[in-house]
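Below is one structure, written out as structure tokens; the observations come after it.
The values are calculated or read from the model by the stated rules, or taken from the named source; none is laboratory data. Please read all numbers here as calculations on a predicted model, not as lab measurements. Glycine also receives a Cβ, built like all others from the backbone with ideal geometry; neighbour counts cover every protein chain displayed. Quick note on the areas: whole protein, heavy atoms, side chains included, nothing else; ligands and nucleic acids left out. Shrake-Rupley method; radii C 1.70, N 1.55, O 1.52, S 1.80 Å.
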Amino acid sequence: IRFNALKDLIAKADSQLQQQSRIQNTKMPVDLTLLSHENNIKQWFSNKYVYPVFQPQYDSDSEKITGIECLTRVNLPNIGAISPFDFIAAVEQNNRIDEYTLYFIDNALTSIHSLLLHNPHLSCSFNISAQNLDKAFADKLVNLFQNYTVLPKQITLEITESNAIKMTSEALYAISRLKLYGVKLAIDDFGTGYSSISQLVDLPFDEIKIDRSFVCQLADNKKAQAIISATFNLATSLHFNLIVEGVETQEQLEFLRDKGNCIIQGYLLSKPLSTDDLQSLILGKGKF
Ligand code: C2E
Ligand code: CA
Ligand code: CA
Ligand code: CA
């Protein structure tokens, strides 16, 4: 029996390795010739090559909107749409991610800061890359937030779990500085980074975001169910807010509701929206 279990493990690891190399391979072909032609990232935004979209997040019980995640969309001339994963990886490789993230947040806040002002309980989250996390970036980001009269507690910064564990002194400075300013910090893609929980809970995080890969297996995978249940318990006992992303079906929503209260983000309730669609969703439905 042991032998068969080991053989299963090897087969599983092998398929994961193949999948990883496929993912890595898809990252290579993104040739950002725009990076050399148009040096000014600000112009990518004014030309609408890149722009933010906004995915609402809902309270699992009341189904009221509690927040939004701002996500990058990319549409390059002659190339077309590219995946934000690949785009961000290319920007990181070109060492332009600090500049990019600051322009992205600036651009997104320009679109939605009045919505945030008028809805002080609405939160707004941004994805922060590991390369962003240093002293210079944190200081610039705080300055940027101060230029908008948005309450710091309305802002959440999402940091992927695998990055959260490799904290250098620069990164620790950055997250502590931002936390001290008053923004919230979330561990993104929770469950995918193989980090030790005791390491994570020592860092000043407020929220855990369960990755979509667990949610999409909920229907027929006992392990995914167990991981999600355990994460609910962890979040409750350590006082983390819990967000579950990638909720696509009513069955998944019912499973989660059964575990307790959480925040839901997924196509079942809403896809990422343009600024206009977000405005009319929030104003039209009067959900506050
Ligand atoms: P993420 O942070 O895990 O974001 C959630 C992703 O899941 C988004 O993909 C979202 O559109 C997608 N999603 C949400 N609900 C559902 C659902 O019900 N079903 C399915 N199939 N997908 C759902 P997206 O927008 O393609 O972004 C992919 C990743 O790219 C993000 O994953 C994030 O890691 C990265 N990313 C996107 N924008 C930015 C950015 O501005 N900065 C940084 N550093 N990374 C970004
Ligand atoms: Ca995220
Ligand atoms: Ca940096
Ligand atoms: Ca994810």
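Results, tabulated for the structure shown:
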read-out: Flag if Gln19 is under 30 Å from Gln250 (Cβ atoms), modelled with pLDDT under 85 and out of contact with any Phe, Trp or Tyr (no Cβ under 7 Å at 6 or more places or on another chain); value: yes
read-out: In segment 128-167, the residues that are farther than 17 Å from Gly182 by Cα and not in a helix (DSSP H, G or I); value: Ser129, Asp134, Thr160, Ile165, Lys166, Met167
read-out: Selection count where residues are within 18 Å of Tyr194 (Cβ to Cβ) and open to solvent by less than 30 Å² (accessible area, probe 1.4 Å), scope segment 153-168; value: 3
read-out: Ala5 being among the aliphatic types (A, V, I, L, M), over 22 Å from Asn127 (Cβ atoms) and at pLDDT below 95; value: yes
read-out: Total residues in segment 61-76, condition among the charged types (D, E, K, R) and more than 12 Å from ligand 1 (Cβ to nearest atom); value: 3
read-out: Which listed residue is away from ligand 1 (no atom under 12 Å from the Cβ) and at pLDDT 95 or above, from Leu253, Leu234, Leu238, Leu242; value: Leu242
read-out: Members of segment 124-152 that are open to solvent by 30 Å² or more (accessible area, probe 1.4 Å) and either on the phi > 0 side of the Ramachandran plot or hydroxyl-bearing (Ser, Thr, Tyr) (or both); value: Tyr148, Thr149
read-out: Residue list for segment 168-183, restricted to those being in a loop (DSSP other than H, G, I, E, B) and in contact with a Leu (Cβ under 7 Å, 6 or more places away or on another chain); value: Val183
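Let's see how each residue does on (1) more than 8 Å from ligand 1 (Cβ to nearest atom); (2) touching a residue at least 24 places away in the same chain (Cβ under 8 Å); (3) over 26 Å from Phe145 (Cα atoms):
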| residue | (1), (2), (3) |
| --- | --- |
| Asn78 | yes, no, yes |
| Asp86 | yes, yes, yes |
| Asp98 | yes, yes, no |
| Phe104 | no, yes, no |
